[in-house]
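Right, one structure below, let's go through it.
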């Protein structure tokens, strides 16, 4: 995330759809480091690949770390791009390794959620924030009279 704060209120205006993909892990047994560490270290190569090749369709991502749980929010250009990446070598290797090393062992959990957003089905506001989240993925514009409420932003398209 950038450090420059943009004073005032901003929003994202998009006439295109996009995909929000939430993925993460949960450490269920701290002492089972041999189970959760490989899961934790599998993500950086995929992140590097996604940042290094924007043609894959990942527009941006944000990472969050809690005591037991990691959470990454990714913004994708399309559901086709996300599904194609899931079938790609880097992801398939990580998935096969997870199933081999962890499988049904309850020491570590993984999760993901996918949301396909059609045009006109999202709205956002950023007040006194650096470029963040969807704004980092798609760009942000200052709020104006046509976008000064959630209702107007949702009904704009």
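At a glance:
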{"item": "C-alpha long axis of helix 89-101 to longest principal axis of the chain, angle in °", "result": "40"}
{"item": "Gaussian network model of the chain, springs between alpha carbon atoms under 10 Å - residue of 24, 103, 66 with greatest fluctuation", "result": "66"}
{"item": "222 nm mean residue ellipticity, helices alone, for the chain (DSSP H n ≥ 4; -39,500 (n - 2.57); rounded to 500)", "result": "-10000 deg cm²/dmol"}
{"item": "Highest-MSF residue in the chain out of 147, 14, 41 [GNM, Cα springs under 10 Å]", "result": "41"}
{"item": "Principal-axis tilt of helix 33-52 within the chain, Cα atoms, nearest 10 degrees", "result": "40"}
{"item": "Cα gyration tensor shape of the stretch 43-106, rounded if a/c is under 1.5, else prolate or oblate by comparing a/b with b/c", "result": "oblate"}
{"item": "Cα gyration tensor, the stretch 73-157 - rounded (a/c under 1.5), prolate or oblate", "result": "prolate"}
{"item": "Two-decimal Rg to Rh for the stretch 1-64 - Kirkwood Rh, Cα set", "result": "1.08"}
{"item": "Relative contact order (%) - the chain, alpha-carbon pairs under 8 angstrom, separation at least six", "result": "45"}
{"item": "Separation between Cα centres of the stretch 49-73 and the stretch 1-35, rounded to whole Å", "result": "7"}
{"item": "Top of 71, 134, 83 by mean-square fluctuation, Gaussian network on the chain, Cα under 10 Å", "result": "83"}
{"item": "Descending Cα extents along the principal axes, the chain, whole Å", "result": "55, 32, 26"}
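Every number here is computed from the coordinates shown, using simple stated rules; none is lab data. As the structure is a computational prediction, the values presented were derived from the model and not from experiment.
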